[in-house]
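A quick write-up on the structure given underneath.
The values are calculated or read from the model by the stated rules, or taken from the named source; none is laboratory data. Every value quoted in this text rests on a predicted model; they were computed, and no experiment measured them. Heads up, the Cβs are rebuilt from the backbone with ideal geometry, glycines too, and the neighbour counts pull from every protein chain shown. Keep in mind that these areas ignore ligands, DNA and RNA; they rest on the heavy atoms of the full protein, side chains included. Shrake-Rupley method; radii C 1.70, N 1.55, O 1.52, S 1.80 Å.
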Amino acid sequence: MTKLTWLSHASWLIDTGSHRILLDPFLTDNPTAKSKPSDFTDISHILISHGHFDHVADAAAIAKANDATVIAVFEIAQWFADTHSIQSTLGMNLGGSADLPFGTVKMIPALHSSSLPDGSDAGCPAGFILTINGKRIYFACDTALFSDMRLYAQGVDVAVLPIGDLFTMGVDDSVAATKLIEPSVVLPTHYGTWPPIAQDAQVWAEKITQQTGATPVVLDVDGTYEI
């Protein structure tokens, strides 16, 4: 059984039972986070979707404390190695996949911007499809709605989609994405951290129920969903 824990904003803990993976850890300067970097032990891998500060802020500290492998687009992986002396990185690019001890990671497109906090080139933003324990999980990460979501992610068991608007898809585009993807279950992310991306997730959930065949699951911060 795999457990997904929403750490607030766009940060997630993925616990497979044998591995603990973080996605886009942003905790220290996150006004809605309840956890701090030192709370995370036995982290084996850290997935980074793109270079913005609210997705990379705590990755280096957690990677060093746990000897974790940072997985990101090539330019970001190289930046962590060169700038933060991270010993273990895996640089990927869009369309590529990798078999890892916990399952398979496929890096797929996201429509967004990307640059690192010091202005370095961050390559292309990405989303991830994880295949773990026979289940497919789609983290769209920071993205606009685009039709090829269906090509990459149709029929996944779980889709995690942004709803915050302004910087990513909003509620209605997230519903449209759900119609394209046809997941069994869909969870919201990247909302509620600051007023510009405040959303009522229950309104989103009602629209998902009314307009799609997916089951919406809205988590509180540090809430967990089991697959």
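Pop out the carbon and sulfur fraction of the accessible area of the range 1-79 as a percent, whole number, probe 1.4 Å.
Looking at the range 1-79 in its full context, I get 50 percent from C and S.
Show that you can apply the helix-only estimate: for the chain, add -39,500 (n - 2.57) for every DSSP H stretch of four or more residues, divide by all residues, and state [θ] at 222 nm to the nearest 500.
Theoretical 222 nm ellipticity from helices: -6000 deg cm²/dmol.
Could you run the Karplus curve 6.51 cos²θ - 1.76 cosθ + 1.60 with θ = phi - 60° over the range 58-70 and give me ³J(HN,Hα) per residue in whole Hz, x for Gly and Pro?
10, 5, 5, 4, 5, 4, 5, 5, 10, 6, 8, 8, 8
For labels at F74 and V221 in the simple 7 Å Cα→Cβ model, what's the distance in nm?
3.8 nm
Gap in Å between the Cα centre of the range 144-211 and the Cα centre of the range 74-121?
Distance between centres, Cα-based: 24 Å.
For T189, T83, T32, write out the residues from largest to smallest accessible area, computed with a 1.4 angstrom probe and no ligands counted.
Most to least solvent-accessible, the answer reads T83, T32, T189.
So, in nm, how far is label H84 from label K179 when the simple model puts each one 7 Å beyond its Cα toward the Cβ?
Label-label distance for H84 and K179, simple model: 3.9 nm.
In debye, nearest 20, what is the charge dipole magnitude of the range 115-209 about its Cα centre with +1 on Lys and Arg Cβ and -1 on Asp and Glu Cβ, if you could check?
Rounded to the nearest 20 debye, it is 360 debye.
Keeping all protein chains in the complex and leaving out DNA, RNA and ligands, what accessible area do you get for E182 with a 1.4 Å probe, in Å² to the nearest 10?
Number for this one is 100 Å².
What FRET efficiency comes out for the pair S18/D148, r = Cβ-Cβ distance, R0 = 25 Å, nearest 0.05?
In this case the efficiency is close to 0.20.
What is the percent carbon and sulfur in the accessible area of the range 103-227, measuring with a 1.4 Å probe over the protein chains and ignoring ligands?
Here carbon and sulfur together make up 49 percent of the probe-accessible area.
Counting heavy atoms of the protein chains only and a 1.4 Å probe, report the per residue accessible area for the chain as a whole number of Å².
40 Å²
Can you tell me the length gained on complete extension of the stretch S115 to W194, counting 0.36 nm per residue apart and subtracting the Cα distance?
So the extension gain works out to 26.4 nm.
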